Structure formats: C-alpha cells, structure tokens
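Below: one structure, written as structure tokens.
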Amino acid sequence: MVKRITSWCLFVVVASLLLLGCKTSTAADVEAPIPFEVLDTGREPRTPLRYSIADGTTTTSITTFVVSKENRGETTVAMSDLKSLEVESVFGPARNSDDGLVYDYEITSAKAVVAPGASPEARAEIRRSAASLKGAGATASFNDRGRMLNSSMNERAMEVPVRALLAIINTEHALSLIVLPHEEVGVGARWIVRNELRVHGFRMSQDLTYTLVERPDQDHVVLDVTFERYGQPQVVELPDGETSVEVIASHTSGAGRIELDLRSLRSSARAKGQVTDVVVMVHDGERKRREINESLEIRIDSRSRVLRVPQQQ
C-alpha cells in the first residue's frame, strides 16, 4: 500500500507541470485545436516571433527537478521520498523538412537524490526508476511557431516502469519550447495556452500565460510564465487494478522565467510552484486520506551547437 501511495504522489507532482501527456502521439493527436489567445500584442516595435533552427543543431538540456514538503500533519505525505531528480537529454541533430523541423532526442543520464529518512526499499526503488530512464527518447517534429506536429517514443521509453518519472521530460515543452503567436508582438505582449489534459486517467485543466519581458536581439527572448492547473473531483483507477484514488481537490500554481533561444531545440528556464492535493487511497476496502502540500522547483539549462551537415550532390 505504501508503494502505491508514493507512486501516486510522484505522479501528481510530475503531472502538475505537464504540457503534453506521456504517451506515443501522432499528428492527429497534437493537431487537435488547442485554445490559444493573444491577450496583448505589446509595444512597438512589433515583429514576428519564429524559431529559426539550422540543420545539424544539437541541444543538450539538463533538467533538475526539486521537491520539498511544506508541512508535517498526520495525513500529509511526501512525494515518493524523492528529493530531486536530474535528467540530461540530447535533442537533435535537427533536420528541416516538408513535415517541419524533425529531431531525435534521448535521455543520456538520470540521477535521483532520495530524501533523508527514506526506507531502504524506497531508496532502491527510486534509484532503480531513475536509472531506467537512460536511453528513453523519441522522434519528434514541430513548426516554426513551436507547435508540435508529431512525436513517437522509442522502444526504451515504452519500457520505462515508472511512467510518471518519464513525464518529467515533458515539462520542457511548457518551459523551453514555447508555442509562439501568429501576430507580430513587442515587449509587454501576453498570450495564454489553455489545455485539457488526460494523463494516466487523471484529468486536469491547465493555463499557461507567457509575457514577453525583453528581446535583446532577433534570436533571444526573455519570457515570464505563470501556470495554473486544476484537477476536478474524480476517481482514478491505478494500473494494478486493485487500487483507486479519489481526488477530492487538486491545484497547482507557480511562475518562472524563460530565456528563449529561437535557434535552439530547447532553451533555459527557472520555475517554482506549489502543489496542494487532497486524495483518498482505496485498497481492499481500506480508505486512507492523504494531503499533498509540496513546493516545486524546476531548472532547465540548455546549450546548443551546430554540426556541419554534408551538402547533397
């Protein structure tokens, strides 16, 4: 029962910042209408925001995910005894095509830090789960506005036993691959991306609001981001078929800053947030109420290089 509780709690915090679900997707999936609204086009001068990524571009990103517990009430639980997780991913080389910008990505390393006081079993499980991420990846494509066109996981990604951990890499879609406005925009521009998400049976709505703070040059943009995520009351059946989770209340909010490089497959970002969830775990007729009150921090550090692509004869 404890293992099931910690697995759920880990999933909740990871899902809190998701933009895309952790699944194999197709163009039909991601091209479904996503509510997108420009709230303010900003001040003059206004210019288009578009990605301009050269063939051969490779980006290495290190995403650090930190969780800390806010209080210690009797019903409050930590998220799977995970203190932090560091994931290094390589994106590219990029290939421009008629189907958008195509690239492969792969997780090259993942290191977990376990919270003090965790049991030997929990410690071993967390480290084993983190190690299993190595080699997981996908082939994906997006257009010059950052809209995902296609994404297909490799075999290793489909075998990862704790899918909630794999979902962490998808936070990069919200924090370092930004969907850009059609309109020309200037400093002060604001736009919002609204999503209705369903991840592992858990339904949630999410709003991401971006504000253009600075544009030092044509290729670099500084953005502020705020996010709100709500999960309506619902019952989620866990994969074991024996345990269910009654979601009483679920809310995540936070803010961050993004250093967007329009020539890079991923950019750098910092974000902090707060998760407040109340759930009831049900197993063998036993009901246990759990309150999850955690602060989150995500740091994404990216660097790019352009490989020489042989010219076709």
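Read the figures in this text as sums done on the coordinates, not as results from a lab. Predicted model only: the values in this text are computed from it and were never measured. Cβ coordinates were reconstructed from backbone atoms using ideal geometry, including for glycine residues, and neighbour counts include every protein chain displayed.
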Sequence-separation-based contact order of segment 88-168, relative, with Cα cut under 8 Å and 6+ spacing, percent: 27 percent
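Take the Cα pairs of segment 219-297, get the Kirkwood Rh, then feed it into Stokes-Einstein at 25 °C and 0.890 mPa s and tell me D in µm²/s. Let's see the in-between values first.
Working: Rh = 15.0 Å.
So the translational diffusion coefficient is about 163 µm²/s.
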Local electrostatic count, Ala189, Cβ distance below 15 Å [Lys/Arg +1, Asp/Glu -1]: -1
